[in-house]
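What follows is a set of notes on a single structure, which appears directly below.
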Amino acid sequence: MTDEFGLVEPDAVDGFGDEWEEIDVSDTEADRIARRRDREFSQFRKRIKDADQFKVEQSVFDDATFAAIYKLVQDGHIEAFGGPISTGKEANVYEALGAEDTDVAVKIYRINASNFRQMREYLEGDPRFRGIGNDKGKIVLAWVRKEYANLERAQKAGVRVPTPIAVERNVLVMELVGLVEERARRLAEVNVENPQTAYEVVREYMRRLYSAGLVHGDLSEYNMIIHEGELVIIDLGQAVTVHHPNAGEFLDRDCENVANFFSRQGIDVTGEELHEYVTEAEPEP
């Protein structure tokens with residue numbers, strides 16, 4: 001690892017796992033807990049709903065969402081909640097204390113408020129999500145599991161992303177990169193002192209993603225952050241497999257966005273040149 005924008009090495013693994021297999025979005029343990037509504041869960045639900053950071057969310061968090069949080073607490077992935085890191089139309093991200101006193105990020109997608117039509121555009125054609133159809137709840141649940149699987153696959157390919165920890169229904173627990181008091185800055189927010197090095201890291205990560213069979217689909221200076229000298233790729237929920245019918249279009253857009261940003265930093269690069277570099281290696285089947 002170099003002092004600035006150092007590349008991480010791919011883990012020594014036999015393969016990328018079974019992320020291409022169809023992902024089940026049927027009822028989870030959280031749904032069963034929500035239906036059962038025993039006294040312990042009801043008390044937990046009330047404590048969460050009364051917590052200051054969740055009060056505003058009561059209208060959009062259903063019982064199964066509270067049950068998902070409950071299950072993650074029971075499994076030891078969440079010990080205590082902190083404040084919100086970010087709020088959005090589709091999801092809120094909270095700082096939390098995880099296992100062994102580690103800081104984690106808890107991303108909670110809203111079942112009723114998410115832009116499921118846009119989500120469906122990225123899900124349709126992905127071999128992992130056959131038969132999702134137009135069911136809004138299933139689309140959001142598939143999206144969250146897709147983000148978890150994408151993070152796993154990217155990490156195994158040697159791309160620096162937040163480490164995925166657990167997923168339950170519409171709740172994703174992952175590594176917290178930076179703290180609320182010392183928020184990791186997006187590439188768009190910093191003065192890039194060594195743009196050539198940063199560009200070389202980004203293009204290598206794009207190539208590793210492609211070699212692992214993934215296209216980010218929304219890559220720009222707003223989905224890359226800098227923390228303690230590392231460049232981290234974030235927001236992989238929309239990332240698609242190379243089998244997706246729009247994968248080529250999404251990759252072209254990613255290359256143009258990245259090339260345009262680094263061109264403004266003084267790097268002589270075009271989207272076409274970046275695309276050629278990224279696709280030099282054949283993607284995994």
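Values in this text are rule-based calculations from the coordinates and carry no lab data. Note that the structure is a prediction, hence the values are computed from the model and not measured. Cβ: placed from backbone, ideal geometry, glycine included. Neighbour counts: every protein chain shown.
Of note:
- Spin-label model distance (nm) - Asp252 vs Asp52, 7 Å beyond Cα toward Cβ: 5.0
- Note on Gln74 and Ser86: their simple-model spin labels are 3.1 nm apart, each label 7 Å out from Cα toward Cβ.
- Gain in span if fully extended, Arg264 to Gln43, counting 0.36 nm per residue against the direct Cα distance: 74.1 nm
- Of the GluC sites (Glu not before Pro) in region 203-285, those whose Cβ has at most 11 other Cβ within 10 Å and which sit in DSSP loop: Glu228, Glu280
- Note on Lys71: lysines with a C-alpha under 24 Å away, same-chain residues under 8 apart excluded, are Lys46, Lys49, Lys55, Lys107, Lys136, Lys138, Lys146.
- Spin-label pair Glu280-Gln196: with each label point 7 Å from Cα along the Cα-Cβ axis, the two points sit 1.7 nm from one another.
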